[in-house]
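Each value in this text was obtained by applying a stated rule to the coordinates, not by laboratory testing. Here the structure is a predicted model, which is why all the values come from computation and not from measurement. FYI the Cβ positions are ideal-geometry reconstructions off the backbone, even for glycines, and counts take in every protein chain you see.
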Amino acid sequence: MTDIREACAKTTPRISEAEIRALVRPDRIHRRLYTDPDLFDLEMERVFGQAWILVGHDSQVPKPHDFVTTRIGKEPVIMSRDANGAVHVVANRCAHRGLQVCATESGSTRHFKCPYHGWSYRSDGSLASMPNAVSYGGRDAIADPANGLRPVARMAIYRGFVFASLSPTGPSLDEYLNGIKTSIDDLVDRAPDGEIAFVGGCSRYIVRANWKTQIDNGVDLHHATYTHVSTLDADGRQFSRHGGGPRILIDGKRSIDWEPFGVVGFPYGHGYQGRPPVETLPSGPIYEDYVSRLVAKHGEERTKAILKYDRFNSVVYPSFTFQAFGQHVRIVRPTAVDKTEIRVYPVALKGAPEAYNRAAIRSLAATHSAASMIQTDDIEVFERAQRGLASTSNDWVLFAGHPGKGEEWHEGGWRGSGTSEFVSRIQYAENWVSYMCGGQGNAVA
Amino acid sequence: MLSLESARRHDIRAVEQFLFAEARLLDERHFEEWAELFTEDGVYWAPTRHDQKSPEEAVSLFYDDRVTMAARVKRLRHPDVHIQIPISRTTHLVTNIEIDPVPPDDADIRVFAAFMVAEYRENADPRWYAGRYEYRLKSFGAGFRIALKKATLVNCDGAFTSMAVYI
Ligand SMILES: [Fe+2]
């Protein structure tokens with residue numbers, strides 16, 4: 001395979017390795033990680049250019065010749081399904097003059113045709129034809145892979161989640177995901193058919209803040225008491241998310257004790273928050289129909305294990321978060337040092353009753369859209385952080401709560417107290433520094 | 001399109017005045033009074049697709065029945081609603097108002113209109129929204145109640161910075 005990065009030479013970083021290392025201490029990071037555009041450029045090249053990044057889900061391209069376009073860091077890519085059903089991730093860049101060959105978000109096409117000189121590419125990225133081919137050397141030029149849409153260096157799929165790495169070397173996806181696969185399994189196993197699908201469109205919100213604010217937040221239970229206080233009723237319970245069902249108990253008044261909930265972290269910076277603070281499981285005829293379909297497939301005991309909520313948000317560093325409770329996946333797309341786009345995809349559990357999946361789509365309006373009542377609280381604090389970090393009065397952003405990593409955890413990694421900030425410490429001190437110094441992650445600074 | 005007969009039947013001036021008053025309640029932040037304009041099963045909806053038929057076919061920006069609306073309005077009055085400190089000042093322009101000559105079964109009157117909304121919070125850049133409204137109204141005493149207010153933003157399928165108040 002040809003490395004996508006061959007196409008553009010690496011820039012010489014204006015920031016030295018010694019300087020990068022000085023920006024991160026075991027329990028704190030320099031404010032420049034959120035505010036320095038040069039560091040942002042280097043992150044796009046060395047973090048998003050090395051780590052396994054979530055491109056999408058293979059259900060977004062269900063049929064041959066279906067495609068979606070997205071970005072990996074700054075690089076425009078197409079995820080497509082070829083005539084034989086294989087999924088590809090290729091650069092959205094004509095081999096001739098560099099144009100984006102596909103200008104739409106999604107669709108279906110046998111050929112991506114460049115509007116400039118008519119070079120035409122198949123749904124696997126290979127060049128199908130070029131007008132006046134003889135001037136480029138005829139049939140040999142058409143067959144030359146260098147004249148195709150360049151594939152990403154590595155692509156791999158776990159339970160439908162399509163990942164790409166722009167680097168030809170590094171850990172395998174399996175090695176990279178390690179213990180966080182239990183969270184992906186926890187979500188996908190809830191589907192009676194054992195598969196999920198991204199259907200129901202995509203809710204997109206813009207945060208006028210650095211992308212890491214969203215990632216930091218994904219393993220932060222403690223903030224809910226303060227950030228989301230306006231969503232609580234007098235009894236400390238959050239508004240009902242969709243016409244009844246379990247309500248989140250945050251209890252701003254009596255200050256809920258988050259410590260027993262726990263937080264779990266893994267190598268490569270992944271982690272999850274302990275169980276969501278819900279008092280009851282869902283109920284009602286649709287839920288019962290759903291449960292019966294799981295029981296038919298797996299029996300009572302296994303169904304009970306599948307349905308228990310032992311984790312809330314999960315984070316796969318550095319590109320997405322997801323939760324089974326809210327039944328969605330959120331992809332983090334850095335735009336600029338102080339601007340990030342988040343794409344929220346509702347998740348359909350294949351084999352579940354239609355009405356069950358439809359309710360999940362509907363409830364995202366209240367919880368995670370740009371106009372929702374929960375996500376907007378988070379957006380506001382991320383943006384307030386970005387503005388506060390313009391202050392040069394204090395260089396440091398702290399992740400010092402609950403020193404150490406806690407106990408060893410049976411899924412791999414560690415489990416810390418609910419308000420421990422150790423997962424962020426793993427992200428910065430063991431991964432961000434490693435990537436930014438040209439490494440492949442998971443190395444102690 | 002609009003027959004003279006239907007224009008007579010539903011005085012377009014009365015409909016306009018209702019929509020303008022509704023917009024003013026939002027601009028003046030009388031959210032509780034505004035919510036009272038809706039029928040008991042009334043809905044405020046801002047979809048993410050131009051041709052969206054239901055809030056369950058695709059995600060929505062807003063989908064507030066009266067229960068969710070009450071929760072949202074209550075939250076807007078909370079002393080720690082961070083997203084409204086400072087508050088949003090808005091101006092809603094409602095224009096191109098048409099009455100559908102053939103209203104759907106679930107409404108006495110269907111109204112189409114175009115809108116522009118300016119929003120400003122201190123220390124931030126002003127934000128602009130534009131799109132089309134569809135109202136399904138029911139006659140109520142001498143006036144109307146809203147069974148549906150659907151706000152389809154021209155960029156509804158795009159990405160938005162956070163929205164705290166109704167469009
Ligand atoms: Fe939050």
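Both radii come from the Cα set of the protein assembly as shown: Rg as radius of gyration, Rh as Kirkwood radius; their ratio Rg/Rh reads 0.98.
Annotation for the stretch A:364-438: GluC sites (Glu not before Pro) lying in DSSP loop with at most 13 further Cβ atoms inside 10 Å of their Cβ do not exist. Spatial offset of the stretch A:153-204 relative to the stretch B:118-161 amounts to 37 Å, using the alpha carbon center of each.
For chain A, with a Gaussian network of springs between Cα atoms less than 10 Å apart, report the residue from A:R387, A:R32, A:R343 with the top mean-square fluctuation. The residue that fluctuates most here is A:R387.
Straight-distance candidates among the lysines for linking to B:K138, with alpha-carbon spacing under 17 Å and chain neighbours fewer than 8 residues away dropped: B:K149, B:K150.
For the stretch A:210-352, the equivalent ellipsoid derived from the Cα gyration tensor has semi-axes of 27, 21, 15 Å, listed largest first.
Please work out the ratio of the alpha-carbon Rg of the stretch A:178-436 to 2.2 N^0.38 Å and round it to two decimals.
Details: Rg = 18.2 Å, N = 259, 2.2 N^0.38 = 18.2 Å.
Its radius of gyration relative to the 2.2 N^0.38 Å reference: 1.00.
Shown for the stretch A:283-430: lysine pairs separated by 8 or more places, or found on different chains, whose C-alpha atoms are under 24 Å apart, numbering 4.
Diffusion coefficient (Stokes-Einstein, Kirkwood radius over C-alpha pairs, 25 °C, 0.890 mPa s) for the stretch A:306-426: 144 µm²/s, rounded to a whole number. With 0.36 nm allotted per residue and the present C-alpha distance subtracted, the A:A22-A:C437 stretch has 148.2 nm of extension available. As a ratio to 2.2 N^0.38 Å, the alpha-carbon radius of gyration computed for the stretch B:4-153 takes the value 1.07. Kirkwood radius and radius of gyration were both taken over the C-alpha atoms of the stretch A:34-135, and their ratio Rg/Rh is 1.04. Entry note: the stretch A:307-346 has Rg to Rh equal to 1.07, where both radii use alpha-carbon atoms and Rh is the Kirkwood radius.
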